[in-house]
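The values are calculated or read from the model by the stated rules, or taken from the named source; none is laboratory data. Bear in mind that the values here come from a model prediction, so they are computed numbers and not experimental data. Every residue, glycine among them, receives a Cβ derived from its backbone with ideal geometry; neighbour counts consider all protein chains shown.
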Amino acid sequence: MNIHEYQAAELMEKFGVATPRGRVANTPEEAEAAARSFGTNNLVVKAQIHAGGRGKGTFTNGYKGGVQLCKTSSQVRDVAASMLGQTLVTKQTGAAGRVVRKVMVAESKEIERELYFAILIDRATSAPVIVASTKGGMNIEEVAETDPDAIVREPIHPTLGLQAYQTRKLAKLLGLSSNLMRPAGKLFHSLYNLFIKCDCSMVEINPLVVTKGGEVMALDAKFNFDDNALGRHPEIVAYRDLEEEDPREVQASKFNLNYIGLDGNIACLVNGAGLAMATMDIIQHFGGKPANFLDVGGGASEQQVTEAFKILMADKNVQAILVNIFGGIMKCDVIAQGVINALRQREAREERMVPLVVRLEGTNVDAGKKLLKESNLPLIAADNLEDAAQKAVAAAKNGKH
């Protein structure tokens, strides 16, 4: 789950992380009022969307830049009016862009240095690790590629947590002067406390800045949270902005389905993440393009399978569907009945149908195949994964059974 920058600022303020004052605004008038409340002529207006590269983005109305410096509250109002309700296109949004429904008005700071600081989970050790760099304000992937020595990694012991000597070490490696060691250490500890207490999977501060006034501050932040831990954090779940998410993924989440939309034309319904990825790979191998990742899990119900099919069928780009089930805990007959229910509902409503390739193996496979055969529905049976992928790719190309 992702959150907006203004929500990240609220969280950081709650945990004592130094960050510029800021307020969210839904209208130009609210933006102007926020600017007046700060009592300064150093202001910035930031479009709030779940994507990076906003400063270099372009609005479809021709307005350039989703991050704008301002000197007066009236200028803030005019900038907000140019952003709100408009579509912002950045490198991360793709050509479709994202509609800006909120802006953040904040104090702008005179920056002396820009640094990079992040806390994330190291998959190799299953423990937190701090990644930092003197090259803030840049894409960290580009820094890693062009100047890997500029990146510092500091592993954190999962029981002991972030130690004081580590914050001093990090501050020194980042080139911070002795008088900045204490505020930097406080900020690092506060961020780590936030990371642990909120069950984050990533906290990225880019840039972490040293101002000309001698402050160490988190200027911009990106947070990711462990979805499996959100049950412990209703206050964070309340931050969820469904309008920023793929509607298909929102619908899937209502039924606890693991779904990620892609840009291909062959939909996949699979049980197990590994098998789902293998299915996507073999579709690609035979010249097709997967339209999604969909793992119904090991114990999906008949209703979940039916709802999964509704999501797949609703995707206008889908020209064929491949069902690939290896039954263990998940029973093949449950999958088969869910498929049948979904297809019959669509037939009854005379909705669009696409070729459907089914490969079943494992628990209750004979019962599942029997249900599909006796349904008299237009299905394409497959003997193995290779056969299923080839038939799905051919069906998508032909656009018919």
Return a yes/no flag: does region 38-49 have any residue that is modelled with pLDDT of 95 or more, closer than 16 Å to Lys109 by Cα, over 24 Å from the mean Cα position of the chain (by Cα) and of a type in the set (D, E, K, R).
no
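Here is a yes/no grid of residues against (1) modelled with pLDDT under 85; (2) within 21 Å of Leu377 (Cβ to Cβ); (3) not assigned by TED's automatic domain parsing to the domain that holds Arg359:
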position: Gly261; (1), (2), (3): no, no, no
position: Cys268; (1), (2), (3): no, yes, no
position: Gln303; (1), (2), (3): yes, yes, no
position: Glu307; (1), (2), (3): no, yes, no
position: Leu312; (1), (2), (3): no, yes, no
position: Val318; (1), (2), (3): no, yes, no
If only one of Val44, Val76 is closer than 22 Å to Lys222 by Cβ and in contact with a strand residue (DSSP E or B) (Cβ under 6 Å, 6 or more places away or on another chain), which one is it?
Val44
Within region 171-191, residues touching a strand residue (DSSP E or B) at 6+ places or on another chain (Cβ under 6 Å) and surrounded by fewer than 21 Cβ atoms within 10 Å (Cβ to Cβ) come out as Leu173, Leu180, Pro183
Pairs with Cβ under 8 Å, 6+ apart, first in region 113-125 and over 16 Å from Gly137 (Cα atoms), second part of a loop (DSSP other than H, G, I, E, B)
Ile119/Ile156
Under 6 Å between Cβ atoms, which residue pairs at least 6 apart in sequence (or on different chains) link something in region 339-357 that is in the same structural domain as Val318 (by TED's automatic domain parsing) with a partner that is of a type in the set (Phe, Trp, Tyr) and not in a loop (DSSP other than H, G, I, E, B)?
Ala342/Phe309
In region 1-34, residue nearest to the chain's Cα centre (by Cα) [restricted to those that are among the polar types (S, T, N, Q) and within 19 Å of Tyr239 (Cβ to Cβ)]:
Asn2
At least 2 residues that are more than 30 Å from Leu43 (Cβ to Cβ) and in contact with a helix residue (DSSP H, G or I) (Cβ under 7 Å, 6 or more places away or on another chain) in each: list the strands (runs of 3 or more DSSP E) lying fully within region 213-292 that qualify.
258-261, 266-270
Pick out, from region 104-205, the helices (runs of 4 or more DSSP H) lying fully within it that include 2 or more residues that are among the aromatic types (Phe, Trp, Tyr).
181-197
Select from region 361-377 the residues that are in contact with an Asp or Glu (Cβ under 9 Å, 6 or more places away or on another chain) and not in a helix (DSSP H, G or I) and write down the one among them that is surrounded by the fewest Cβ atoms within 10 Å (Cβ to Cβ).
Leu377
